[in-house]
Amino acid sequence: MLESRGEKTFYFFNYIFLFILALIAVYPFIYVLSASMSSPQAVVMGRVLLWPKEITWDAYHAVFKEKGIYSGYLNTLYYTVVGTFVSLALTICGAYALSRRRLIGKTFFNLVISFTLIFGPGTIPMYLNFRDLHLLDSRFGIIIGFAISTFNFIILRTFFQSIPEELVESSKIDGASDAGVLFKIILPLSKASLFTIALFYAVSRWNGYFWAMILLRSDEKLPLQVLLNKLVVQMKPSDSMMSDMFTTGETVIYATIIVAIIPIIVVYPFIQKYFVKGVMIGSLKG
């Protein structure tokens, strides 16, 4: 079909508008990357706008000289990989159970879970709960204490409900157990939603620092984001960074930010194709 002049005009301005929005979204990342590669003098004087000025790698040398970077990286990878796996496993089990019509008390459990989406316990009660359960300064506490997101749970449960009940009933007639139905019927049909939920959990785990900062006391258990918070928000560099901070200035902060976000940026393109499809399917009940 031929496009009218009005449609061509609309598409033209729409593309320009979207291009401007993309620039606004991408520019902060470009600036941080350029500043991390520029000399401190160029950054302080405001000469870095888009491209690096007086390129130097001193900031990255200072970052990787810090021992906490390596332990923080390993801890963050551990919390992200193991935490995402545990979160996804528990969310799948709960969402599948509450998506079945024959579950006794289904309405009550759904109401209780939905209640937590609106009303949270608060910071102090949660901290006291972790303390009473002896989960302070524990990697296990970080993994299991934040294993399930109500929002992700509802998305996955809604998608499971959209799968025709006839498929489940025919599998039951053929002698399949509930576990067989889940692993052979439900999960293969839910790849898009599962990748989406896994992405949500992985990003949340990777970026999480608040509760790790409150619950963890040992430096060897702290994730990378806590160190980043100390540098960017609290402005408290470690002793090994102090001498480099005088020579590299704010560029150390920018370099640390780049080091912290690169893994997620590398992983995201591989699962992006599942993202929109998974959210749209999981948010509609068929």
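Every number here is computed from the coordinates shown, using simple stated rules; none is lab data. Since we're looking at a predicted model, the values are computed, not measured. Note: ideal-geometry Cβ built from the backbone for every residue, glycine included; neighbour counts use all protein chains shown.
Applying 1/(1 + (r/R0)^6) with R0 = 22 Å to the Cβ-Cβ distance of Leu189 and Ala89 gives a FRET efficiency near 0.80. Only helical runs count toward this figure. For the chain, summing -39,500 (n - 2.57) over DSSP H runs of n ≥ 4 and dividing by all residues gives -23500 deg cm²/dmol at 222 nm. Taking a sphere under 11 Å around the Cβ of Ser71 and counting the other residues whose Cβ falls inside, with K and R at +1 and D and E at -1, yields a net charge of -1.
How far, in degrees from 0 to 90, does helix 150-162 lean away from the longest principal axis of the Cα atoms of the chain, to the nearest 10? For 150-162 against the chain, the angle is about 40 degrees. Compared with the dominant principal axis of the Cα atoms in the chain, helix 123-132 is inclined by about 80°.
A simple rule links phi to the HN-Hα coupling: the Karplus curve 6.51 cos²θ - 1.76 cosθ + 1.60 with θ = phi - 60°, which for segment 188-200 gives x, 8, 10, 4, 4, 5, 5, 5, 5, 5, 4, 5, 4 Hz, with x for Gly and Pro. The angle between the Cα long axis of helix 239-248 and the longest principal axis of the Cα atoms of the chain comes to about 60 degrees, rounded to the nearest 10. Quick one: grab the alpha carbon gyration tensor of segment 1-143, order the square roots of its eigenvalues as a ≥ b ≥ c, and give me rounded if a/c is under 1.5, else prolate or oblate depending on whether a/b is larger than b/c. Oblate is the answer for segment 1-143, as a/c is 1.5 or above yet b/c matches or exceeds a/b. This structure gives P(r) over Cα pairs in 10 Å bins from 0, in percent, computed directly, and of [x] 7, 30, 35, 20, 7, 1; [y] 5, 20, 26, 20, 12, 5, 3, 3, 2, 2, 1, 0; [z] 6, 20, 25, 23, 17, 8, 2, 0 that value is listed as [z].
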